[in-house]
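The values are calculated or read from the model by the stated rules, or taken from the named source; none is laboratory data. On a predicted model such as this, the values are computed, not experimentally measured, just so you know. Virtual Cβ from ideal backbone geometry, glycine too; neighbours counted across all protein chains shown. These accessible areas exclude ligands, DNA and RNA; they are computed on the full protein's heavy atoms, side chains included. Shrake-Rupley method; radii C 1.70, N 1.55, O 1.52, S 1.80 Å.
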Amino acid sequence: MKKWLSRLEPREQRIVGLGGLVLLPILTYLAVVEPAYQALDKAESSLASTQSLHQKIAQLASEASALKSRGSSSVSRASTTNLLPELESSLKQVGIANSVKRIAPQGDQGAQIIFESVAFNLLYQWIELIDQKMALEVQAISIRETAQEGMVKVSLTVK
């Protein structure tokens with residue numbers, strides 16, 4: 001490189017030097033500054049999403065507590081025989097039936113539902129649906145965040 005530069009005319013050497021001085025900040029910006037800003041934007045977006053998810057989970061937890069303190073529903077069910085098909089139908093209605101890993105009877109009038117990965121907002125809609133339409137209450141719930149934004153792993157018991 002030095003040999004090549006020494007073969008150039010003094011005027012050309014100055015032009016190459018100035019070009020290098022102009023190119024250096026541009027390359028620094030593209031290699032360091034821009035990726036840092038992109039990472040910062042992504043982190044801020046992720047933080048906002050996580051805070052929103054946390055807020056929804058807190059709201060769901062308070063509703064679960066309210067339902068628990070309200071006591072058992074006035075609507076009684078004959079058995080889980082009728083409950084499981086109704087639950088499956090409501091899951092399909094909200095569009096989360098494919099997210100269910102397992103549905104199992106829990107006692108005489110309840111069921112345990114395990115979701116491997118479900119969109120939190122759809123899960124919330126489904127819980128509201130079964131509360132309003134089927135008079136079911138969430139007795140216990142465990143929610144864990146997944147690597148995918150807005151998706152959660154859930155295990156819950158309804159009665």
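Can you name every residue in segment 123-145 that is of a type outside the set (A, V, I, L, M) and open to solvent by less than 30 Å² (accessible area, probe 1.4 Å)? Spell out the reasoning first.
Within segment 123-145, the subset of a type outside the set (A, V, I, L, M) is 124-126, 128, 131-133, 137, 139, 142, 144-145.
Selection gives Trp126, Glu137.
How many of the residues making up segment 92-126 are under 20 Å from Ala61 (Cα atoms) and more than 17 Å from the chain's Cα centre (by Cα)?
Summing the residues that are under 20 Å from Ala61 (Cα atoms) and more than 17 Å from the chain's Cα centre (by Cα) in segment 92-126 gives 4.
Please find, among Phe120, Phe115, the residue that is open to solvent by less than 30 Å² (accessible area, probe 1.4 Å), in contact with a Lys or Arg (Cβ under 7 Å, 6 or more places away or on another chain) and touching a residue at least 60 places away in the same chain (Cβ under 8 Å).
Phe120
Which of the residues spanning segment 135-150 are on the phi < 0 side of the Ramachandran plot and either part of a loop (DSSP other than H, G, I, E, B) or of a type in the set (Asp, Glu) (or both)? Spell out how you get there, then give the answer.
Step one: list which residues in segment 135-150 are on the phi < 0 side of the Ramachandran plot, which gives 136-149.
Leu136, Glu137, Glu145, Thr146, Ala147, Gln148, Glu149, listed by residue number.
So Lys153 clears everything in (1) open to solvent by 70 Å² or more (accessible area, probe 1.4 Å); (2) assigned to a helix (DSSP H, G or I) except one condition, right? Which one?
Result: Lys153 fails condition (2) only.
Before we move on, is Leu87 part of a loop (DSSP other than H, G, I, E, B), in contact (Cβ under 8 Å) with a residue 60 or more places away in the chain and not hydroxyl-bearing (Ser, Thr, Tyr)? Quick ask: steps written out before the conclusion?
Numbers: part of a loop (DSSP other than H, G, I, E, B): no; in contact (Cβ under 8 Å) with a residue 60 or more places away in the chain: yes; not hydroxyl-bearing (Ser, Thr, Tyr): yes.
Considered against the rule, which asks whether it is part of a loop (DSSP other than H, G, I, E, B), in contact (Cβ under 8 Å) with a residue 60 or more places away in the chain and not hydroxyl-bearing (Ser, Thr, Tyr), Leu87 comes out as no.
Taking Asp131 and the conditions (1) assigned to a helix (DSSP H, G or I); (2) farther than 22 Å from Lys68 by Cβ, which numbered condition does it fall short on, given that it satisfies the others?
Here Asp131 clears every test but (2).
Would segment 94-102 turn up any residue that is touching a helix residue (DSSP H, G or I) at 6+ places or on another chain (Cβ under 7 Å), at pLDDT 90 or above and open to solvent by 80 Å² or more (accessible area, probe 1.4 Å)?
Looking through segment 94-102, none of the residues is touching a helix residue (DSSP H, G or I) at 6+ places or on another chain (Cβ under 7 Å), at pLDDT 90 or above and open to solvent by 80 Å² or more (accessible area, probe 1.4 Å).
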